[in-house]
Structures are given as C-alpha cells and as structure tokens.
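> The following block contains the structure, expressed as structure tokens.
The values are calculated or read from the model by the stated rules, or taken from the named source; none is laboratory data. Predicted, not measured: the structure shown is a model, and the values here were computed from it. Neighbour counts run over all protein chains shown; Cβ positions are idealised from the backbone, glycine included. In case anyone asks, the SASA skips ligands and DNA or RNA and just uses the protein heavy atoms, side chains included. Shrake-Rupley method; radii C 1.70, N 1.55, O 1.52, S 1.80 Å.
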Amino acid sequence: MKDKTKSKNWENGDVFALKIDNGSEYDGRYILLETYRGDIWKPTKKRLYFRAKLTKDNILPKTFEEIEKAEYIKVSINGLSELFFRHGYETFSEVMKKIQHQKYEFDKYGYVYTYYFELRRYKNNIEEHLIYLGNFDYPKKLKHEKILRFEFDGIIFMDFESLIPRLIESYEQINLEKSECFNDDFILEMRKRDRELLLHEKDFDKVIERIKNGEVIEPTIPEYGWGPKLYDIDQAYEYKEYFKEVYSEEKTLDTMGKELASIAEEETRYNDEKTIFWMVIADNFLKKGMMNRELKDLALKCIRLNLKLWEPHQDYKEREKELNKLKKRLEEYECSE
C-alpha cells in the first residue's frame with residue numbers, strides 16, 4: 001500500500017480520522033476527512049479538497065458501515081440569491097457554465113449547503129495527527145448539497161491549526177440550526193431580498209412553493225441580465241444611473257469624465273464590469289452629442305475586451321452585432337480636440 005502519510009499519495013475516497021482534543025464537549029470524538037482530488041470538477045494539480053464528518057461517539061470507526069454512521073458537516077449556507085446570480089468575481093463564461101450545469105435541491109428553508117473545503121498548511125501535521133482509515137466509495141453528491149462546478153466556486157479555505165474549532169462551529173451553527181439563518185424573521189427578510197434580486201422570475205411565490213415541496217430547481221437565465229444587447233444586464237442600468245447623477249450641462253466633459261472615473265474605480269473590480277461601465281457611459285454621452293478623444297478610445301478598447309469575454313458564449317455573434325453599432329457611432333463621431 002502507498003504511504004498515506006504523504007499527501008502526494010492521497011486519492012479520491014481516502015478517509016482520515018482526526019481526534020478532537022481541544023477541551024470542548026466533543027473531546028474524544030473524531031473528525032473524519034474524505035479526500036477529493038477531482039472528478040466532479042477539475043482542481044489544479046496541487047490542490048486537495050475534503051468533506052468532513054463528525055462521529056457520534058468516541059469509538060474510532062474502521063469499517064465503511066461505521067464511517068457511514070458519522071454525520072457530514074455543513075460548512076456554509078447558500079440561499080437563492082447566492083446561487084442564481086453572479087458574485088462579481090466570476091467571468092461571464094463561468095456564470096454561464098454554472099447556470100447551465102447546476103441543479104439545486106433545496107431544503108425546507110430554501111437553502112443548499114457547501115460541504116467541500118480546501119485544507120491548507122497541513123503537511124507537517126500528517127504523521128502526528130491524521131489516522132488513515134482506508135479508501136471508500138462515498139457519495140458524489142449529498143442531499144441538499146451545492147456541488148461546485150469549477151474551482152473556487154464558493155470554496156471554503158481552512159487552516160489545519162484551526163480546522164477542528166471551525167468545523168465544530170459550523171456543525172453547531174448549521175447542522176444543529178443554531179444560526180440566525182434558521183429563524184423565521186431572518187428567512188422572511190431573506191425572501192424579501194430574494195424577491196427583489198430575482199426579477200427575472202415572474203412568479204416568485206411558485207418557486208418558493210416548489211422548494212417547499214422538495215422539487216429540484218433548475219436555474220433559468222434572466223430575461224434581462226445576460227442577453228447580447230448592451231442593456232441586457234442589470235448592471236448596465238446601474239451605470240446609466242451613475243451617468244445621470246454626474247451629468248450636468250454646467251460641467252465640462254473632462255470634469256464629468258473624472259467624476260465617472262472615480263465611480264468606476266469604486267464600483268467596478270473586474271474586466272467585464274469595467275467594460276460595461278465605459279460602454280454605457282460612452283453610449284449616454286453620444287446621446288447627448290458629447291465625446292472626447294480619451295473617452296472614445298477607452299470605449300473602443302472596452303468593446304474589444306468585452307467581445308473577447310463573450311467569445312465562449314453561444315450568443316457571441318449577436319453580441320458582436322450589437323456592440324458594432326456602438327463602435328460605428330463612436331468611430332463616426334468627430335472629436336473637436
């Protein structure tokens with residue numbers, strides 16, 4: 001058998017035990033770690049992921065049947081709005097991949113749970129602490145589990161030194177439902193927020209009813225939000241509002257440009273956001289009959305970058321056609337400077 005004290009020899013299905021000894025009421029029980037190297041999504045070569053379980057007593061499990069009796073620990077909660085909408089750090093193609101491939105089986109509260117996490121800084125502790133139990137065929141998906149579709153899709157990071165207290169806290173807050181997320185008032189407020197965010201869903205109450213009935217919910221692409229036209233994304237409307245706030249006939253275009261640049265620095269972090277911001281701003285300045293060389297060049301650059309981001313998407317040709325209309329208007333505008 002391969003030396004399992006070496007992480008390079010860990011394989012899908014390897015299970016390790018870690019005895020709890022931190023002065024808590026759980027002392028003597030065991031945390032079980034299931035190793036994951038990649039067949040659901042494909043991690044980079046040097047990354048390792050785990051699910052964790054908590055034994056019900058102080059007896060070290062040795063067989064598959066004994067390991068099965070331990071309870072999986074839920075490490076994070078995911079509600080509707082976290083699952084159906086982009087988080088800002090995802091590229092357009094990543095969001096499309098998540099929407100197209102994921103299906104959600106919600107629990108009675110309207111949640112799905114993350115079980116996988118990445119364990120860091122563990123190599124010097126393997127021989128001393130981890131007990132190898134064997135390799136077992138554990139389930140690929142648990143009930144109400146959020147399965148990651150690509151690396152870093154909501155992955156939790158844990159350090160070996162703080163692993164036990166963090167997992168115990170997650171167990172108490174989520175598995176034992178001590179978190180405020182399970183309170184009726186919190187759920188009611190969450191529903192109000194979700195209703196505001198999920199504008200593409202025409203009958204929000206029916207979605208909630210389906211969740212309560214235990215149906216599997218397959219996400220839909222918003223009617224507006226990810227279409228090929230410039231304003232087929234809700235952020236474009238937000239950026240248009242910024243333009244309205246800044247625009248004034250009493251200001252010079254240079255002054256407004258600087259104010260908008262400051263907003264862009266504050267409100268956009270990623271390439272897709274930045275490109276949409278400046279295309280929307282350019283579109284609105286053109287409608288006012290205003291443009292300068294700096295903004296024109298920036299907008300044209302953003303059109304090129306945005307089309308690059310759209311290349312993996314099936315509506316790329318439609319997007320190209322739409323943005324070429326803006327490109328033509330920009331190229332035809334003769335700046336006075």
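> On full extension of the chain, what length is gained from TYR231 through LYS328, given 0.36 nm per residue of separation minus the C-alpha to C-alpha distance? Spell out each step's value before the answer.
Details: separation 97, 0.36 × 97 = 34.92 nm, distance 1.75 nm.
Full extension of this stretch gives 33.2 nm more.
> Taking R0 as 25 Å, what FRET efficiency do you get between ARG210 and GLU177 from their Cβ-Cβ distance, rounded to the nearest 0.05? Write out the running numbers ahead of the final one.
Details: r = 22 Å, r/R0 = 0.89.
E between ARG210 and GLU177, to the nearest 0.05, is 0.65.
> Using the heavy atoms of the protein chains and a 1.4 angstrom probe, tell me the accessible area per residue for the range 287-331 in square angstrom. Mind showing how you got there, number by number?
Values: 2840 Å² over 45 residues.
Per residue, the range 287-331 has an accessible area of 63 Å².
> Modelling each spin label as a point 7 Å along the Cα-to-Cβ direction, I'd like the SER262/ARG120 distance in nm, to one decimal.
So the label points at SER262 and ARG120 sit 3.5 nm apart.
> Kindly provide the trypsin sites (Lys or Arg not before Pro) of the range 166-196 that DSSP labels as loop, not H, G, I, E or B, and whose Cβ sees at most 16 other Cβ atoms within 10 Å.
Passing sites in the range 166-196 are LYS178.
> Given R₀ = 30 Å, what would the calculated FRET efficiency be for GLU238 paired with PHE157, taking r from the Cβ atoms and rounding to 0.05? Please list the in-between numbers first.
On the way: r = 30 Å, r/R0 = 1.01.
The formula returns an efficiency of 0.50 here.
> Keeping all protein chains in place and using 1.4 angstrom, which order do LEU309, LEU167 fall into by accessible surface area, from largest down?
Values: LEU309 50, LEU167 0 Å².
Per-residue accessible area, sorted high to low, gives LEU309, LEU167.
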